[in-house]
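Report on the structure given below.
FYI, it's all coordinate maths here, none of it is from the lab. Given the structure is predicted, the values throughout are model-derived calculations rather than measurements. Every residue, glycine as well, gets a Cβ built from its backbone with ideal geometry; the counts of neighbours run over all protein chains shown.
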Amino acid sequence: MIEIKNISKAFNGRVVLDDISGVFKKGETSLVIGASGTGKSVLLKCMLDLVQPEKGKVLYDNREFLNQKEEDKKDIRREMGVLFQGGALFDSQTVHQNIQFPLDMLTNMPESEKKDRVEFCLQRVGLEGTGKRMPSEISGGMKKRVGIARAIVMNPKYLFCDEPNSGLDPLTSIKIDELIKEITDEYKITTVIITHDMNSVLSIGDYIMFLYKGKKVWEGDSQTILSSDIKELDEFVFSNHALKKLRG
Amino acid sequence: MFSIIGKFFIFIGSLFIRRESSRVYWKRFIDECVSIGIGSVNIISIVALFIGAVVCVQTYANLVSPIIPKYIVSNIVRDMTLLELSSTFMCVVLAGKVGSNIAGELGTMRITEQIDALEVMGINSASYLVLPKVLAAIFTFPLLAILSGFLGIMGGYLAGTLSGILTPEQYIYGIRFSFIPFNVTIAIIKSIVFGFLIATISAYKGFNTKGGALEVGQASTAAVTNSCIAVLIADYLLAELLT
Ligand SMILES: Nc1ncnc2c1ncn2[C@@H]1O[C@H](COP(=O)(O)OP(=O)(O)OP(=O)(O)O)[C@@H](O)[C@H]1O
Ligand SMILES: [Mg+2]
C-alpha cells in the first residue's frame, strides 16, 4: 500500500500539484488520469523522490520515504520497479544486460541464477529470444515490454508505469494493460499507472484518481467513472467519440 | 557565475559519496579507458605528427641567421612539443573529441530518463556514470601526452630530414642538447590536470541537461568551449607555478 498525503509542488512559483492525497492499495492497479500538463508525471516523480515536493508525505506500507536517510531510501527503492514513459533502456547495453542490470547492481546472485531470472522475465513479457538485440534495434512496443521486464526483475512490491501504452497500437496497448494487471494480481503488487487511455481506464482501473490543473477533483473506480457528475471529468471521459455515441 | 562554480564543486563532491562496489567501477573504468584513451589514439597521432613537422619547417624558415646552428631547430621542436603541444594543444583537441562525447552521452541519458532509471534503483547516478570517466581521463591523458610528445618529435624528424633541412645527426643532437627532464614531468602533470578539467566540466554540462535533443547539442557545445577555456586558464596558472 502506498499513501500520499498533501503533496504540493510548484516550479518557479507556478503551482503544478496542489495538495494531492490518495491511497494506492496492494494487489490493485491504480490509475492516475488527467489531461496533458496537469502534473501526472510530476506526481509520479514526487512519489519516486526524483522531484522534491515543497510539502507532503509519501508512505510505503507506513514507512516514510521522502526526507529520509539515503540508506533507508535505498531499502525501499529495492522494492520498486519503474517503467518510464520512453522505456529508459540503457542504449549501450543489450536487452538482456538491461534486464539483468538491477540484479548486477543490487544483488549477489550467481551468474547462472541471474540468467534464468532474466530469461523468465523476458518470457513473461513475451519477448523470448530477443535478449541479444540492442535497444535501438527493437520497436517502441518492445521497448516498453523490455522496460516492464526490467521493472519486475527484482520482484518489486511497488510497480510504477508512466503511460505504458502511449504511442502503441490498440491491440498492443491492450496486451500491455493485461500483462500489468496479471503481474499485479499474481504477485500482489501495488501498481500505479499514469495514463490518458480510456480503454485502460475502463478495463483495468481498480482505483482511479483524476487530476485537473494540479488538483485531485475525483476518485473512484471503473464502475463509477461513467456516472460521475463532475464537469471536468465528464469532458475528459467523453472526449472519446465511441463513448459519446454509447451514451447517446 | 559564483553559483555555477559552487554547483560545479558540489557536483564533484557528489561523485565521491554513496559509491557502488569497486568491482562495478573497475569494469566501467576499463570500458571508459578504451573509449577515451584508445579511441583518441588516431586523432592524437595525426595531430602530433603534423604539428611536429610544421614546427620544424616553420622554425627553420624563420631562423635564417648563419650564426645559429641548425640543431637549434630540433631543439625548439623538442621544447615546443613537450611544453605546450603535447599537453595543452593535445588537450584542446581532446576537449573537442572527449568533451563533446561525454556531454552528448550524459545529456542523452538525462533527457531519455536513463539517469532517473538509475536513481530509482538507488544508484548514485553521478558517481556511477561520471567517476569512471574522470578516472579514465586522468589515467589515459598522460599516456596520450607521452605518445603525442614522442610523435611530435618524430614528425619534426621526418620533416626535417626528408626535406633536407638538417641531417639526422644534427636533429638528434638538438633533441639531446641541454635537455631538462623536468619538462616531461610538466607535460604529464599538465595532461592530468587538463584531463580532470575536461572530464568533469563536460560531465557537469551533460549531466545537468534539461529539455530535448536541441539542449543536448547545446550542452555538447558548451562542454567543449568551457573545457577549452578552463584548459587555457589552467595552462597559464601551471606555467606560473611550475616554471
Ligand atoms: N522540471 C520542471 N521544471 C518546470 N516545470 C515543469 C517541470 N516538470 C514539469 N513541469 C511543468 O509541470 C506541468 C505538469 O507536467 P507533467 O509532466 O506532470 O504533465 P503530465 O500530466 O504528465 O502531462 P502528459 O500527459 O503530457 O505527460 C507542466 O506544465 C510542465 O510544464
Ligand atoms: Mg507525463
More than 13 Å apart - percent of Cα-Cα pairs taken over segment B:64-124: 74 percent
Other chains near B:120-129: what is the mean number of their Cβ atoms within 10 Å of each residue's Cβ? 5
Pop out the ³J(HN,Hα) list for segment B:227-232 in order, Karplus 6.51 cos²θ - 1.76 cosθ + 1.60 with θ = phi - 60°, rounded to Hz; leave Gly and Pro as x. 5, 4, 4, 4, 4, 5
Of the listed links B:K133/B:K190; A:K57/A:K215; A:K73/A:K188; B:K7/B:K210; B:K97/B:K133, those spanning more than 20 angstrom between alpha carbons are A:K73/A:K188
Would you mind giving the mean number of other chain beta-carbons within 10 Å of the Cβ of each residue in A:87-94, as a whole number? 4
Using a 10 angstrom cutoff on alpha carbons, build the Gaussian network for chain B and name the most mobile of B:F179, B:F141, B:F196. B:F179
Pulled fully out, how much extra length does the chain show between A:D91 and A:F120, if you take 0.36 nm times their separation in residues and subtract their Cα-Cα distance? 8.2 nm
Using Cα springs under 10 Å in a Gaussian network model of chain A, which residue among A:D116, A:D197, A:D206 shows the largest mean-square fluctuation? A:D116
Taking each residue in A:33-46, count the Cβ atoms of any other chain within 10 Å of its Cβ, then average. What number comes out? 0
Cα gyration tensor shape of chain A, rounded if a/c is under 1.5, else prolate or oblate by comparing a/b with b/c: oblate
How many angstrom separate the Cα center of segment B:81-159 from the Cα center of segment A:49-113? 29 Å
Using alpha carbons only: equivalent-ellipsoid semi-axes of segment A:109-151, gyration tensor based, whole Å: 19, 11, 9
Can you put B:C91, B:C228, A:C46 in order, fewest other beta carbons within 10 Å first? B:C228, A:C46, B:C91
Taking 1 over the mean of 1/r across every pair of different Cα atoms in segment B:22-242, what Kirkwood radius in Å do you get? 18.6 Å
Can you work out the FRET efficiency for the pair B:E20 and B:V54, with r the C-beta to C-beta distance and R0 = 60 Å, to the nearest 0.05? 0.85
Value of [θ]222 nm, deg cm²/dmol, for chain A, DSSP H segments ≥ 4, -39500 (n - 2.57) each, nearest 500: -11500 deg cm²/dmol
Considering only C-alpha atoms, what is the centroid distance from segment B:225-239 to segment A:174-248, in Å? 57 Å
Mind ranking B:145-157, A:27-39 by how tightly packed they are, going by the mean number of other C-beta atoms within 10 angstrom, highest first? B:145-157, A:27-39
How long are the semi-axes of the equivalent ellipsoid of the protein assembly as shown, taking √(5λ) for every eigenvalue λ of the Cα gyration tensor, in whole Å from largest down? 58, 22, 20
